[in-house]
Each structure stands twice: as structure tokens, then as C-alpha cells.
Amino acid sequence: LQDLKGQKHQKAPQIPSQFSPGERFAMKEALKGAIQIPTVSFSPENLNTTALAQFGEYLQTVFPTIFKTSFIQHEVIGEYSHLLTVRGSDPSLQPYMLMAHSDVVPAPEEGWEVPPFSGLERDGFIHGRGTVDNKNSLMAILQALELLLNRNYIPRRSFFIALGHDEEVSGYNGAQKISALLQARGVKLAFIVDEGNFILDGFIPYLKKPFAMIGLSEKGLINLRLEVNMSPGHSSAPPKETTIGILAAAVSRLEQTPMPNMFGSGPLKMTLQQLAHEFPFPANIILSNLWLFGPLVSRYMERNYITNALVRTTVALTMFNAGVKVNVLPSVAQAVVNFRIDSAQTVQEVLDLVKNIVADDRVQFHVLTAVDPLPISPSDSQALGYQLLRQTIQSIFPEVSTVVPGICIGNTDSRHYANLTAGLYRFNPLYMTPQSFRSIHGINEKISVQAYETQVKFLFEFIQNADADQEPAPHQHEL
Ligand SMILES: CCCCCCCC/C=C\CCCCCCCC(=O)N[C@@H](CC(C)C)C(=O)O
Ligand SMILES: [Zn+2]
Ligand SMILES: [Zn+2]
């Protein structure tokens, strides 16, 4: 095991990550069954609770060993979330947490090659909503643990498995409640691993080789409702401006006025510097000398909508509602704008900018959700979670030559656990191309059987790698 500077590490005995044909068949069937349960979150108030309850029962039938193991405690939190406490044999090692979520975003059937809740296997892929976001992680974590337990594995380091049920609509009843419960129990975690970033392939022109990006932080978030109210009336004699026209102009101004480019701050600089050697000349020199070429690189990043999201707060118009009848002037028009806040800005700074851009007193603002960007987790040689991820990536994906820190442009349930650890890491051991990126929350979400097996293998090794000694914790950690 790679030494962390100044710390003695003991190699944990490794159970080889090899699975029999029967186990491999069972693991893909278990994932298909999970996809077939439509655990859709429509809104914080509207979740498919019947499916969520069924999903909880399903887990107990496909992973029987986990639920009957004496050193594993299972608790249901917020009715449908699950917390597993896996008690290790060495209480001097600080526990960690693996996370995933069971809910999925809606999937209307239009455009799908196969029905989104069929879990059908075709051409080596399992198809359906949740195959990448995020039932793959949930099932792979439990599958790896089940397989380890079946080989009589007893962990040295305790760990938690937190499975939220409302990540897609906030995490307030799942992750947030689990976090509060653990805090009340005095738990402090060495680190957390959640969904978020991937092994990225084809996102950057000129970079032919895939690289793994571990999310050290995530952007902030604002959901802002804009509203215009006026007296209703007959459409035959309209005023010069209507609620719809005023609101449309306001949101259009927001869309047309990019937030400032914040290149040079946050984890992006680390990403580029550590990736530099992978680029051909002269990009390698340019990226190694950002002090000089920063402005050039920052303008280049703006040209593509995914890399643009790494350099600034993004503005997405996501909802627009007005009108009840063809000949009635609507008294109210509403829109929702979704902002993802750059690491170097705050909620308040973005709101101030928005008010200046809209610059129309007839438009009212209602903040629906506001989350500041998350702190940047450590990625140095002492950062246990980061180094364990790196070590396991290098073992499972030997063809991936570079592991870099980065930022997650979406939000994850891990943000609810910032009170328990400074080490929040967002990483899925999966290849991601720009095309498969569009399937997340989109259509034709799918995972190859081979990629899912590799994810199980990754977790199987990761859990064992985490048993290596860390510096003795100052006190025993209560579970
Ligand atoms: C220089 C490197 C190029 C980087 C390319 C970046 C590629 C991005 C890859 C993956 C990002 C996917 C983000 C997945 C996690 C998002 C989970 C999610 O959807 N969460 C919701 C939470 C919300 C509070 C309801 C969200 O909308 O963000
Ligand atoms: Zn997700
Ligand atoms: Zn999602």
C-alpha cells in the first residue's frame, strides 16, 4: 500500500476481487431488479413512496447476508432512507462513509430505445433510469459488501453506508436526517465517498486519454423564482407590456448576460495543472504556466458548454408558467432559474448580480433553494479518502494514467455531511463520455454489464484498502 507521508500503513490482507460466473450473473440480475422499481422523485412533496418501500424490501432479499450479519446494524431513516453501520474490529481507526441514493428523476418513455423502468439487457448494456444515477452505486456498494461477507470478511475500519431516498429533490428527509442522527451520536468521519465525478473520456479536445477526476468540492446552487403580477383583463385591448412580456424580457436578459468568468480560483486550476503533462505540445506548456496563459485558457474553456460550467456561475431557465386562457391577460407570470455557483462566489453575490441584470422593479424574486459552494476537501498525501480512491483507481483501471482533483458541477447528498468530515469526495468508478453524460437525467441511460462488474470490483477492493492503518485516532469513535 502506498504510504501516506509520515504515516505507517499496514497492508490489509486482500481477498481477490474475482467473482464466479454464478456471482456475476446474480449481480447483474440484482441491478436489473433495482431498475425495475420506479423510485421516482417528482418534487420534495411528491415521491413514489410505494416504490421506495418496495425498494427497501428488495434490498433485503437480494443481499441477505448483509441484513443478518451481527456486526452490521440497519436503520431506516426518514421512512425510506437506509443507514448501515458496519462495525470494524479496530475502534482506533476512524470510520468512513460510502453513499448513494435510491431515488431517480422522472423518465417519460418518449425517446427511449427501451422502456426506462424495464431494466432490459441489450447488446451488453443494462438499460434504464438509475443505471448511472445512481442505483449502480447503491447496488454496487451493497453487492461488494455482500460478496466480501460471503468470503468471511470482517473489516478492521468501521464504515457507514448511507442510502438517501430523496437526493433528486433536496436530500432533506434522507441525507440531512442521517447526518443529524450521526452528529447527535458524536460521530466524526475520516471521509465520505459519494456520486459526482467520473473517469472522463472525450471531454477535452486534444486530450485523447481518459483521466479520473475526483470531486473535491461542488458548486453552489440557487433556485430562484421570478414573478410578475399585474391586473388581469381582456386580451382585445392589451397594455403595452404584459406579465409574460416583462418576465420573458427579464429571464432573457439573465440568459444573455453571462456571470463573470472566475477562472483562476477553486479546484479547476489544480485539475489543469495536474493534467498538463497529458496534453501534447504546446498545450502542456500552456497549462503548466497558468500564471502566464491563464487568460488564454479561461477564454478557451468558455467555448464549450461543459467546460464553460467549470469557469463561471451558470444560469439555466428551467420553468416558465403563465396564462389560463387564450383571451385572458394573465395576472401572474412565473419562471424558475437554476444557478450553479462558482467556487469563488457566494449566494448573496450572485443574487446581487441577478438583481442588477434584471433591473426591473416589477419583477419579484423568491429564493426557493440556496446553497453556497462547498469547501474544498484535501487532496494532499495525508488525505486518506483521496489517496484510497487514487490507489483503488490505479489498481482497477491501470490504463488510466492520471487521477486529478476537480469540482462537481452538480449537487450531491454529500453536502449534507459537511458537519461530519472535511473530506467529501465525489467519484463514481465509471467511464463517462459527453454522450453518456447527456443520458444522466436524459434519455437512454444505460450501463454496460462489464462497467457494473468493474464498479463492484472497485468497491470490493476499496473497502479492503480502507482497512489499512491510519494515524491512531485521538479517541475511540462511537458508532
Ligand atoms: C476539465 C475537465 C472537464 C470536466 C467535465 C465535467 C463533466 C461532468 C461530469 C459529470 C457531472 C455530473 C454531475 C452528477 C451529479 C449530480 C447529481 C444530481 O443530479 N444532483 C441534483 C441535486 C439537486 C439538489 C436536486 C442536481 O441537480 O445537481
Ligand atoms: Zn445522483
Ligand atoms: Zn441525478
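The values are calculated or read from the model by the stated rules, or taken from the named source; none is laboratory data. All values reported here derive from a predicted model rather than from experimental measurement. Neighbour counts run over all protein chains shown; Cβ positions are idealised from the backbone, glycine included.
Odds and ends about this structure:
- Residues being charged (D, E, K, R) and within 16 Å of ligand 3 (Cβ to nearest atom) - total across the stretch 186-209: 2
- Matching residues, the stretch 330-352, being outside any strand (DSSP E or B) and surrounded by fewer than 18 Cβ atoms within 10 Å (Cβ to Cβ): Ser331, Ala344, Thr346, Gln348, Glu349, Leu351, Asp352
- Test: residue in the stretch 121-136 that is within 14 Å of ligand 2 (Cβ to nearest atom), at negative phi, in a helix (DSSP H, G or I) and not aliphatic (A, V, I, L, M): yes
- Against the conditions (1) surrounded by fewer than 19 Cβ atoms within 10 Å (Cβ to Cβ); (2) more than 15 Å from ligand 2 (Cβ to nearest atom); (3) not aliphatic (A, V, I, L, M), Phe117 satisfies every one except (1).
- Filter result for the condition that a residue is within 16 Å of ligand 3 (Cβ to nearest atom) and either at pLDDT 95 or above or surrounded by 15 or more Cβ atoms within 10 Å (Cβ to Cβ) (or both), over Glu218, Glu255: Glu218
- Set Asn327, Asn321, Asn356, Asn338: member being assigned by TED's automatic domain parsing to the domain that holds Ala237 and within 16 Å of ligand 3 (Cβ to nearest atom): Asn338
- For the stretch 301-308, the count of residues that are assigned by TED's automatic domain parsing to the domain that holds Pro239, at pLDDT 95 or above and either surrounded by 18 or more Cβ atoms within 10 Å (Cβ to Cβ) or not in a loop (DSSP other than H, G, I, E, B) (or both) is nonzero.
- Every pair of residues 6+ apart whose Cβ atoms lie under 7 Å, when the first sits in the stretch 403-420 and is farther than 20 Å from Lys209 by Cα and more than 12 Å from ligand 2 (Cβ to nearest atom) while the second is assigned to a helix (DSSP H, G or I) and among the hydroxyl-bearing types (Ser, Thr, Tyr): His416/Ser179; Tyr417/Ser179; Asn419/Ser179; Leu420/Ser179
- Tyr431 at pLDDT 95 or above, closer than 17 Å to Asn136 by Cβ and part of a strand (DSSP E or B): yes
- The numbered conditions (1) within 16 Å of ligand 1 (Cβ to nearest atom); (2) among the hydroxyl-bearing types (Ser, Thr, Tyr); (3) surrounded by 21 or more Cβ atoms within 10 Å (Cβ to Cβ) are all true for Tyr386 except (1).
- Complete set of residues in the stretch 351-375 that are within 16 Å of ligand 1 (Cβ to nearest atom) and under 17 Å from Ile409 (Cβ atoms): Thr369, Val371, Asp372, Pro373, Leu374
- Residue within the stretch 119-129 that is within 16 Å of ligand 3 (Cβ to nearest atom) and charged (D, E, K, R) present: yes
- Scanning the stretch 232-252 for residues that are among the hydrophobic types (A, V, I, L, M, F, W, C) and either loosely packed, with under 14 Cβ neighbours inside 10 Å or touching a Phe, Trp or Tyr at 6+ places or on another chain (Cβ under 7 Å) (or both) yields one hit, Ala237.
- Residue check for Pro405: closer than 24 Å to Met262 by Cβ, more than 13 Å from the chain's Cα centre (by Cα) and surrounded by fewer than 19 Cβ atoms within 10 Å (Cβ to Cβ): no
- For beta carbons closer than 7 Å, sequence separation of 6+ or different chains, a first residue in the stretch 162-189 that is within 29 Å of Pro38 (Cβ to Cβ) and a second that is within 13 Å of ligand 1 (Cβ to nearest atom) and aromatic (Phe, Trp, Tyr), the qualifying pairs are Asp166/Tyr172.
- Among all positions in the stretch 84-107, there is at least one residue which is over 28 Å from Tyr431 (Cα atoms), touching a strand residue (DSSP E or B) at 6+ places or on another chain (Cβ under 8 Å), of a type in the set (Val, Ile, Thr) and at pLDDT 95 or above.
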